[in-house]
Amino acid sequence: MKPSLLTFDIFGTVLDWRAGLGDRDFDRLVDVQGELEQGRFRPYAEIVAESLVRVRRIDVVSAARMGAEAGTWPLFPDSREALRRMQRTAKLAATTNSDRAHGEQVQAQLGFRFDAWICAEEVRAYKPDRRIWEAASRKLGKPFDRSWWHVSAYADYDLRTARELGLTCVFVRRPHSRPGPSDVTVPDLAALADLVEAS
């Protein structure tokens, strides 16, 4: 089915957070962030900072700066042009475990804006909580159906919930992806843009 809406996980799917954080203890950093996201709500910048202090013993001032600047971590090389191509066919929205400020940073790097940026700071919840997708549905006036494609490199944070909601699940094989059941699997966003244009 041709997509009428594509929602994207950002960190690890559009933006290369491994390049931003570095390879050392990366998996442990991600796991600690996931644990912190299940506690009382805190902005993502604080969660990044605490994970860096805990795992890498970085000083709190440097860790806070890195958390605040997470949206400036590098895009994957294919992201900008592929997203531009897909935006000609369907609405694009971010559904992301991040803050509003990170959204401004990412979109500045892209050089254009998503149709919506639905983030944890706005919803006061972190994926895999379905409230992120419910907020996207309300904001975009889009019911859950198969013409809504959700795109992520993470089955655990994203695709499991998207599947439960009846969306078309697109898995992107990124360097740090966590695979699981999906309807479509692509090596990168350029390949997804080809598929969307052909649909």
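The values are calculated or read from the model by the stated rules, or taken from the named source; none is laboratory data. Keep in mind the model is a prediction, meaning the values are calculated, not measured. Neighbour counts are summed over all protein chains in view; Cβ atoms, including those assigned to glycine, are modelled from backbone coordinates with ideal geometry.
Numbers for the structure displayed
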{"quantity": "Region 89-118, residues that are in contact with a Phe, Trp or Tyr (Cβ under 8 Å, 6 or more places away or on another chain) and closer than 20 Å to Gly34 by Cα", "calculated": "Ala94, Thr95, Thr96, Asn97, Ser98, Asp99, Arg100, His102, Gly103"}
{"quantity": "Residues satisfying the stated conditions in region 1-25, i.e. over 18 Å from Gly71 (Cβ atoms) and surrounded by fewer than 18 Cβ atoms within 10 Å (Cβ to Cβ)", "calculated": "Met1, Lys2, Ser4, Asp23, Arg24, Asp25"}
{"quantity": "Residues being under 14 Å from Arg124 (Cα atoms) and aliphatic (A, V, I, L, M) - total across region 33-50", "calculated": "3"}
{"quantity": "2 or more residues within 16 Å of Leu83 (Cα to Cα): qualifying helices (runs of 4 or more DSSP H) within region 93-199", "calculated": "100-110, 189-198"}
{"quantity": "Residue within region 186-198 that is within 27 Å of Phe41 (Cβ to Cβ), in the same structural domain as Arg85 (by TED's automatic domain parsing) and in contact with a strand residue (DSSP E or B) (Cβ under 7 Å, 6 or more places away or on another chain) present", "calculated": "no"}
{"quantity": "Pick from region 38-49, criterion charged (D, E, K, R) and modelled with pLDDT of 95 or more, ranking: farthest from Met66 (Cα to Cα)", "calculated": "Arg42"}
{"quantity": "Any hit, region 104-116, residues being touching an Asp or Glu at 6+ places or on another chain (Cβ under 6 Å) and either buried (at least 16 other Cβ atoms within 10 Å of the Cβ) or over 29 Å from Asp25 (Cβ atoms) (or both)", "calculated": "no"}
{"quantity": "Breaking point among (1) in contact (Cβ under 8 Å) with a residue 12 or more places away in the chain; (2) among the hydroxyl-bearing types (Ser, Thr, Tyr); (3) more than 21 Å from Leu15 (Cα to Cα), for Tyr126", "calculated": "(3)"}
{"quantity": "Flag for Ala136 being aliphatic (A, V, I, L, M), under 16 Å from Val30 (Cβ atoms) and within 14 Å of the chain's Cα centre (by Cα)", "calculated": "no"}
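So that you can scan it fast, the table gives a plain yes or no per residue for (1) touching a helix residue (DSSP H, G or I) at 6+ places or on another chain (Cβ under 6 Å); (2) surrounded by fewer than 19 Cβ atoms within 10 Å (Cβ to Cβ):
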| position | (1), (2) |
| --- | --- |
| Asp59 | no, yes |
| Ala64 | yes, yes |
| Ala68 | yes, no |
| Arg100 | yes, yes |
| Ala125 | yes, yes |
